[in-house]
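The values are calculated or read from the model by the stated rules, or taken from the named source; none is laboratory data. What you are looking at is a predicted structure, and each value in this text was computed from that prediction instead of being measured. Cβ placement follows ideal geometry from the backbone for every residue including glycine, while neighbour counts extend to all protein chains displayed. Quick note on the areas: whole protein, heavy atoms, side chains included, nothing else; ligands and nucleic acids left out. Shrake-Rupley method; radii C 1.70, N 1.55, O 1.52, S 1.80 Å.
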Amino acid sequence: MEGNNYFGVAAKNMCLVSDFVMPAKFKTPEFEKYKGNTCLKSHLIMYYRKMAAYTQNDKLLIHFFQDSFSGVSLKWYMGLERSRIHCFQDLTDAFMKQYKYNLDMAPDRRQLQSMSQKEKESFKEYTQRWRELASQVEPPLVEKELTGMFMDTLSPFFWEKMIGSVSSNFTDLVTIGQRLEQGIKNGKVTHVIESSSGARKPYGNFQKRNETNAVLEDRRSRHRPHNGDQSYVAAVAPVRVQAPRHEVANQNQIRNRVDFDPIPMTYTELYPALVHKGLITTRSMPPPRNPLPEGFRSDLYCPFHQGAAGHDLERCFPLKARVQELITSKM
C-alpha cells in the first residue's frame, strides 16, 4: 500500500533471483523443514529429489529453497546477499558452509564403541539403537567392521556365547542374541550379573534365584551343627588354585614393567582394531585365587581374557605387553 520503496529498497531487489518466471502449472511440493540441527546432506538430497523435474532451472531452485527452511535457518536464508548468489551451486555452498558443524558433530566410531545395553533394554531394542547410530557414521562401516565393533560393545555374557559364531552377518548376530535372551527368560540359560553394589542378581530379573547359589547353600547346610538355637561358625578351608610357576613369573614380570610406550588412545579404543587385523588372540585366565588377590575387581571384565572378571582392558598388563611387542616390532 505504501509503495515498493517502503523498506528503503526496491521490492524486486529483495529477492535472491531477478526476472523469475513461474513455470505453468507448477505446484510447490511439501518440503520437510530444516531447523539447523539435522543432517544438511540429507536435506539437500530430499530437496533435489522433490524438485527433480526442475534441476536445470537455477532460478526456480533458488527461489523455492526458502520453503524448506524454518526458524533460525529461514532467518539465515533471508539474510543472504543477492550479489553473492548467482546460481543454485552458490546457494548450496553457502548452506553447507553455514551448517557444516552438523557434519562435524555426526556420530563416529568412538561413539559406537562406547555404547552398551541398558539395564531394562531388550537385546533387539539395543541393536536397533546401535544400528541406527551406526548408519550415520561417515565414512560408512563395512559389514565386517560393523559386526566386529558391535560384538565388542556386548556384555561379557553375550560376547562369550556369540564369539564362536561363524556368521559375519549383523542380522544373524541379532537373531542369536535374541535367542539367548529368550533362553534366559525361559530358564534354559543361566546368567547372573553383579549390580553396582556388588550383589549378584539374575539378568533382566528373569529368574528369582540363582541356581548356583542354591547349590552352595545346600552344601553349607549339610555342615551346620544342629545344637538347638546355638549359633555356629562354619570353618571353611580356603581352596587355592595355584597358577603355573611360569605364568606367575610372567605376570609379576609384566606388572613390574613401567616402560610401556604411550599410545595416542585408550587400550579399549585400540583393542577392536587389533582384533580386526588379527594381531592379537584372546587368552584364558586361570581361576582366581582364594582369597582374591589385592586389586581384584569383580565388577570389571576383560575381553582379552575371554570376558574373565577381575580387571578391564585399561588394567590388563598382558594386553599392554602384547601392544608393546607390536610397537617394538614396528607392526
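When the stretch 124-152 is examined, which residues are found to be of a type outside the set (S, T, Y), touching a residue at least 40 places away in the same chain (Cβ under 8 Å), surrounded by 15 or more Cβ atoms within 10 Å (Cβ to Cβ) and not in a loop (DSSP other than H, G, I, E, B)? First the steps, then the outcome.
Taking the stretch 124-152 and keeping what is of a type outside the set (S, T, Y), we get 124-125, 128-134, 136-146, 148-152.
Now narrow it down to the ones that are touching a residue at least 40 places away in the same chain (Cβ under 8 Å): 124, 136, 144-145, 148-149, 152.
With the extra rule that they be surrounded by 15 or more Cβ atoms within 10 Å (Cβ to Cβ), the set shrinks to 145, 148-149, 152.
Scanning the stretch 124-152 gives E145, G148, M149.
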Checklist entry - Can you name the condition, by its number, that K33 falls short on among (1) touching a residue at least 12 places away in the same chain (Cβ under 8 Å); (2) within 26 Å of E138 (Cα to Cα); (3) out of contact with any helix residue (DSSP H, G or I) (no Cβ under 8 Å at 6 or more places or on another chain); (4) of a type in the set (D, E, K, R)? => result (3)
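Among residues belonging to the stretch 32-48 that are in a loop (DSSP other than H, G, I, E, B) and among the basic types (K, R), point out the one that is farthest from the chain's Cα centre (by Cα).
Within the stretch 32-48, the first condition is being in a loop (DSSP other than H, G, I, E, B), and the residues that meet it are 32-33, 35-39.
Those still in the list that are among the basic types (K, R) too: 33, 35.
On the way: K33: 29, K35: 26 Å.
Ranking the candidates gives K33 first.
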Item to check | The one condition in (1) at pLDDT 85 or above; (2) under 27 Å from E132 (Cα atoms); (3) in a loop (DSSP other than H, G, I, E, B) that P29 fails to fulfil | outcome: (2)
Item to check | Answer residue from the stretch 255-281, given it is touching a residue at least 12 places away in the same chain (Cβ under 8 Å), farther than 18 Å from H311 by Cα and assigned to a helix (DSSP H, G or I) and is most open to solvent (accessible area, probe 1.4 Å) among those | outcome: H276
Item to check | Enumeration of residues in the stretch 89-123 that are farther than 27 Å from L313 by Cβ, surrounded by 13 or more Cβ atoms within 10 Å (Cβ to Cβ) and free of Cβ contacts under 8 Å to residues at least 60 places away in the same chain | outcome: D90, T92, D93, A94, F95, M96, Q98
Checklist entry - Across the stretch 43-52, what is the number of residues that are surrounded by fewer than 19 Cβ atoms within 10 Å (Cβ to Cβ), touching a Phe, Trp or Tyr at 6+ places or on another chain (Cβ under 9 Å) and free of Cβ contacts under 8 Å to residues at least 40 places away in the same chain? => result 2
Item to check | Residue list for the stretch 64-91, restricted to those being touching a helix residue (DSSP H, G or I) at 6+ places or on another chain (Cβ under 6 Å) and not in a helix (DSSP H, G or I) | outcome: F69, I85, C87
Checklist entry - In the stretch 282-331, which residues are part of a loop (DSSP other than H, G, I, E, B), open to solvent by less than 80 Å² (accessible area, probe 1.4 Å) and hydroxyl-bearing (S, T, Y)? => result T282, S329
Next on the checklist: Just to be sure I understand the filter: pairs with C-beta atoms under 8 Å, separated by 6 or more residues or on different chains, first member in the stretch 303-331 and over 21 Å from M151 (Cβ atoms), second member part of a helix (DSSP H, G or I) and among the aromatic types (F, W, Y). Which pairs pass?
Outcome noted: K320/Y267
Checklist entry - Among the listed residues G71, G36, G79, which satisfies the condition of being surrounded by fewer than 13 Cβ atoms within 10 Å (Cβ to Cβ) and on the phi > 0 side of the Ramachandran plot? => result G71
